[in-house]
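Structure record follows, encoded as structure tokens.
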Amino acid sequence: MKVIFLDIDGVLNSQMLIEKNTNEKIDINAVKLLKYLIDKSGAVVVLSSGRRLWFDDNMVTDDAESRYLYDILCQYGITIYGKTPDFSTDEIRTKRTFKDVKAREIAAWLEKHCDVDKYVILDDLDLENDQINSNLVQINGEIGITEEDINHAMAILNWKLQYRGSKVNLYINDIPQYKIFTKIA
């Protein structure tokens, strides 16, 4: 199974969008790009965003802003497969330093789902973990996700092998514009 770990703020919206139009909380063009990635890769979406905390385990929410996000994704045929666990503390939530735990949350989700063989992370943060970051497409939060980001994500999802546990053997198959090789650890 292929997985897209999805952050929302800075990916499906941006500082530029917020400054232009305070009524729109999600960039429809970014949602369309995500849908393209899903359709071309066959990947499922797992929320790694702080917004996942507004959903229960069945991805149901009472929060209006989360309902808006959910409805827009559904409108474009995007379903949420799951969400990463929450390792944040009150201090992390107050200071909004989610990067301190996101890599561990993603790794924990992967450990529970042994059927994942390829994954990409779409986030505007550096997750400060070399093994996890090897699958990260770091989005410029000022502008949100771009076609270039989607192409990079597709390349990552076409790697033959990815990080699982303590072994790394990464290379991209048949994609000449990406010549990324990582040593076996």
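Readers should treat all values here as calculations from the given coordinates under stated rules, not as data from a laboratory. This is a predicted model, so every value here is computed, not measured. Virtual Cβ from ideal backbone geometry, glycine too; neighbours counted across all protein chains shown.
I need the calculated FRET efficiency for the pair Glu128 and Gln15, taking r as the beta carbon distance and R₀ as 30 Å, to the nearest 0.05. Could you put the intermediate results ahead of the total?
Working: r = 22 Å, r/R0 = 0.72.
Taking R0 as 30 Å, the efficiency between Glu128 and Gln15 is 0.85.
Can you list the residues, at least 5 places off or on another chain, whose amide H is less than 5 Å from the amide H of Asp124, using H built in the peptide plane?
Here Ile139 satisfy the definition.
Starting from the exponent 0.38 and prefactor 2.2 Å, build the expected Rg for the range 2-160 from its residue count and divide its actual Cα Rg by it. Don't skip to the end; give the middle numbers.
Values: Rg = 14.6 Å, N = 159, 2.2 N^0.38 = 15.1 Å.
Rounded to two decimals, the normalised Rg is 0.97.
Would you mind checking the pairs Lys32/Lys112; Lys2/Lys112; Lys2/Lys25; Lys25/Lys112 and listing those with alpha carbons more than 22 angstrom apart?
Details: Lys32/Lys112 29 Å; Lys2/Lys112 14 Å; Lys2/Lys25 27 Å; Lys25/Lys112 32 Å.
Too far apart for the 22 Å limit: Lys32/Lys112; Lys2/Lys25; Lys25/Lys112.
Return Ile4, Ile72, Ile28 ranked ascending by Cβ neighbour count within 10 Å, so the fewest neighbours appear first.
Values: Ile4 25, Ile72 16, Ile28 13.
Ascending number of Cβ neighbours within 10 Å: Ile28, Ile72, Ile4.
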